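Everything below concerns the one structure shown next.
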């Protein structure tokens, strides 16, 4: 699998009104490098749209750079105008209007919600323009057949969110969580002990974490070590929340 990650802005751009130390461009540059690091540790190939933070590149070109990738992600933080707003605090994934990134979009936005602990729940949005997607990066990604999304990591006009995002330790935690490869599944046959546990007493909230396998329940049962490591990482991340 190959993923293209875009640091949403270059140079020194979008200073926070809540804390003058915060620039959206600094945040997105740091985060996308950490995402690359952890995704590669999970065995995923990653390309980026810029070689350095000082270089600009056209919006459409950045999206189109994802040709041949399974996913395009552009990292951002949002804003409510240009003044401090301490009430608006939620992550959002602006997904391509063709719906190709909706599933992973809500999963990533909810991951951000859980790790940061935002006040409002995560959501996905679609924004249409005159020529398809409103956002140039998503038009570029769609043109080359890549599911694309813009991931807004809450609002840099919110003092609490801005303070959280300024912590390098927090960014490490966020990138690790966002980088765990996982997909949702509904079992059409068979089952696990979770099926009995969730009906015990008055009902128990239950979730299962499954490792993808081939030839299950045979001497030749096979799993990928990277999938096993990802399941361990997911279990640890869940326990830490």
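Every number in this text was worked out from the coordinates using simple rules, so none of it is lab data. Just so it is clear, the model here is predicted, and its values are computed rather than measured. Note that we place each Cβ from the backbone using ideal geometry, even for glycine, and neighbour counts take in every protein chain shown.
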In degrees rounded to 10, the 0-90 angle between helix 225-240 Cα long axis and the longest Cα principal axis of the chain is 70 degrees
Based on the alpha-carbon gyration tensor of region 194-240, what equivalent-ellipsoid semi-axes (square roots of 5 times the eigenvalues) come out, in whole Å, largest first? 25, 18, 5
Could you quote the convex hull projected area for the chain, Cα atoms only and averaged over all directions, in nm²? 15.4 nm²
How big is the gap, in Å, between the Cα center of region 86-102 and the Cα center of region 1-77? 17 Å
To the nearest 0.05, the calculated FRET efficiency linking residue 226 and residue 47 through their beta-carbon distance, R0 being 25 Å, is 0.85
Burial order of peptide ranges 23-29, 48-54, 106-112 (average beta-carbon count within 10 Å, highest first): 23-29, 106-112, 48-54
Given a Förster radius of 25 Å and the C-beta distance between residue 211 and residue 60 as r, what FRET efficiency does 1/(1 + (r/R0)^6) yield to the nearest 0.05? 0.05
Extension gain (nm, one decimal) between residue 170 and residue 197, 0.36 nm per residue minus Cα-Cα: 6.3 nm
Per-peptide average of other Cβ atoms within 10 Å, ordering 117-126, 5-14, 142-151 highest first: 142-151, 5-14, 117-126
Against the longest alpha carbon principal axis of the chain, how many degrees, from 0 to 90 and to the nearest 10, is the axis of helix 24-41 turned? 30 degrees
222 nm [θ] for the chain, helices only, -39500 (n - 2.57) per DSSP H run of 4+, per residue, to 500? -10000 deg cm²/dmol
